[in-house]
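Read the structure below first, then the notes.
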Amino acid sequence: MSTITRNLFYGASNKNDLRKRKLIEKCLDEKVKDFKRHKIPKDYKQRITGPVVDWKLFYRQQSAFNYARDQSEELHVIAFESSSVGFGDGKRMYLVTSYDVFWNYYKQLSSEKKLHYEIIPEGAVCKLYFDLEFSIPDNPDNNGTEMVAIFIQYVCLWLEEEFSVKCSRKDVLDLEASTDKKFSRHLIFLIPDVAFQDNVTIGCFIHHIIEELNKYCESSDLPKVENGLSLDSCTSTKKDSVTNACLGNQINSPKNCESAVEDASCCGDDGVLDTVRKKSQISDRVLGHFTKEQLLSLIVRNKHGEKTSFCDMGVYTKNRNFRLYLSRKYGKNNPLLVAAENEFVPLSSMNDEAIFMDSLIANVKFSSRMKILKSNDTHRRSQRSFSNKGASSTACLEGYKASPYPEVDAFLLEHVRKLEPNGGIRHWTYFSQGELIVYEMANYRFCHNVERSHKSNNVMFVVDLKKKIYYQKCHDPVCKSQGFKSSDFPLPESVFPSFLWEDDPMFDGEDEDLCSAAEDIEKTLPL
DNA sequence: CAGCGCTACCACACCCC
DNA sequence: GGTGTGGTAGCG
């Protein structure tokens with residue numbers, strides 16, 4: 001054992017010891033900094049009724065959703081850019097937790113580690129929200145602050161006309177993440193007891209009101225057609241929406257398909273002309289509240305100099321990631337903060353937690369008073385692509401979901417695979433009115449009109465559940481122009497649900513209703 | 001080991017004029 | 001030239 005010298009005990013008395021102490025202090029400083037950098041947030045205080053699990057981390061969004069669904073508590077999936085846990089470089093990862101637990105963790109992160117996004121789940125009831133942005137250098141004459149004020153008023157007027165919902169700027173949480181180069185706002189509408197069915201529905205509504213704005217701006221703009229926003233493109237989009245609307249909305253809302261088809265089939269009818277006139281009256285009423293200059297100011301130019309909307313239309317897709325209050329993008333320094341012009345005040349008080357909770361798009365409490373806004377025919381727009389989970393050529397087969405009549409799906413699959421082993425169902429459209437299912441086939445082109453397979457056009461089958469038959473039609477332009485439709489083929493009795501239930505006392509009408517009611521409730525409840 | 005969901009755009013095949 | 005289909009770069 002070494003003895004403690006006087007110098008060592010009382011501290012530095014020479015240059016050597018001084019250096020040593022400096023070194024130790026420096027090490028300590030480093031340790032402190034390091035600790036601060038990697039500090040572990042304090043545990044959330046567990047209550048007896050409180051959450052069982054703090055959080056769980058996933059590399060894949062789907063795994064996170066699966067886990068959240070299997071738990072009994074109300075959990076949410078939050079995405080973040082993963083440098084915040086010390087690895088990866090902006091790669092997205094997924095956190096499953098409750099809002100309360102998340103806020104407790106999130107509020108303790110330093111500003112540069114708040115890189116988080118809410119995932120607005122597919123099909124979930126949500127608040128009306130907007131991403132408003134434009135490049136400042138490309139639009140030096142635009143006044144963003146004034147544009148936001150006009151835009152909010154424009155949206156409020158449309159809400160009143162279309163849904164009889166009254167609101168004002170006081171109901172709009174206004175968040176800002178602008179820089180010198182880019183004007184950027186997030187608007188979140190917190191209208192008491194009002195929410196939208198889902199964010200895709202919002203997309204349809206917004207698409208509609210922006211299109212009306214574009215049409216107006218174009219007609220009152222220079223007489224010549226400008227690139228990007230021609231009237232032609234507007235009308236062709238409308239046509240698309242009639243023919244394709246039912247495909248885009250097929251899974252969740254077969255009723256939409258009915259009305260879309262009715263719309264198309266009774267064109268030229270007086271009733272349709274009436275509704276067209278009514279629609280343009282609504283549009284005129286809204287537009288009439290503004291001066292031409294105010295409306296024109298909402299159109300900006302993108303980096304290619306093309307005219308485009310101030311409102312980003314790309315944020316209404318399924319499972320959209322939407323940046324959280326106080327978060328920034330990876331590698332950027334512009335967190336979302338409350339804008340100076342914000343007039344919304346949370347019910348409790350103006351504190352960060354209340355703002356955070358109110359800013360969550362899908363944080364909508366279920367209540368019987370809640371009015372759920374759904375899309376109507378005018379809002380629907382074309383949606384040609386169908387989400388396929390897998391990649392490559394087999395995607396269409398893997399991405400295909402069962403129709404409400406899986407037995408019919410199986411029958412058709414078996415049928416086509418006798419001729420084409422790779423044949424499959426690309427998608428289906430269910431028309432509950434008339435009990436019709438239209439199946440678009442994949443890798444199956446045999447047409448009864450030409451008695452051979454077409455070279456590049458797949459065929460479709462129309463299943464008539466009432467008549468218990470099916471027939472074939474096809475995409476080939478020649479067959480189409482002839483209005484070709486094959487003769488009827490019988491559907492085997494075994495594909496009908498009644499075949500299974502007839503002698504089964506376990507199934508009766510009540511059980512069926514209960515099951516579908518339970519499913520409906522499950523769908524409407526916030527996740 | 002490790003993101004997701006589009007959408008605009010292009011290339012190509014086939015059929016029509 | 002029009003239509004349907006498939007593949008991909010790139011955006012939000």
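The values are calculated or read from the model by the stated rules, or taken from the named source; none is laboratory data. If you're wondering where the values come from, they're calculated on a predicted model, not measured in any experiment. Glycine gets a Cβ as well: all are built from the backbone with ideal geometry, and neighbour counts include every protein chain shown. Ligands, DNA and RNA are stripped out before the accessible areas are found, and what is left, the full protein with its side chains, is counted by its heavy atoms. Shrake-Rupley method; radii C 1.70, N 1.55, O 1.52, S 1.80 Å.
At a temperature of 20 °C and a viscosity of 1.002 mPa s, determine how fast the stretch A:88-127 diffuses translationally according to Stokes-Einstein, using the Kirkwood radius over alpha-carbon pairs as Rh; express D in µm²/s, rounded to the nearest whole number. Translational D for this selection: 177 µm²/s.
Remark: the Cα gyration tensor places the stretch A:72-139 in the oblate category, a/c being 1.5 or greater and a/b not exceeding b/c.
For the set A:TYR94, A:TYR129, the ranking by accessible area, highest first and with no ligand, DNA or RNA atoms included, is A:TYR94, A:TYR129 under a 1.4 Å probe.
As an exercise, use a Förster radius of 25 Å and the Cβ-Cβ distance of A:ASN457 and A:LYS418 to find the FRET efficiency, rounded to the nearest 0.05.
Given R0 = 25 Å and the Cβ-Cβ separation, E is 0.80.
Annotation: amide H-H contacts under 5 Å for A:SER327 (H modelled 1.01 Å from N, sequence separation of 5 or more, or interchain): A:LEU336.
Annotation: the stretch A:139-189 has a Kirkwood hydrodynamic radius of 12.0 angstrom, from the mean reciprocal C-alpha pair distance.
Using the Stokes-Einstein relation with a Kirkwood hydrodynamic radius computed over Cα pairs, the translational diffusion coefficient of the stretch A:296-379 at 37 °C and a viscosity of 0.692 mPa s comes to 198 µm²/s. For the set A:LYS56/A:LYS332; A:LYS114/A:LYS307; A:LYS182/A:LYS278; A:LYS279/A:LYS303; A:LYS56/A:LYS307, the pairs lying more than 32 angstrom apart at their alpha carbons are A:LYS114/A:LYS307; A:LYS182/A:LYS278; A:LYS279/A:LYS303; A:LYS56/A:LYS307.
Couplings for the stretch A:104-117, taken from phi via the Karplus curve 6.51 cos²θ - 1.76 cosθ + 1.60 with θ = phi - 60°, read 4, 6, 5, 5, 8, 6, 5, 3, 6, 9, 7, 10, 10, 10 Hz in order; Gly and Pro are left as x. Using only the alpha-carbon atoms of the stretch A:111-152 as identical scatterers, what base-10 log of I(q)/I(0) does the Debye formula give at q = 0.31, 0.34 Å⁻¹? Log-scaled intensity ratios, in q order: -1.08, -1.22.
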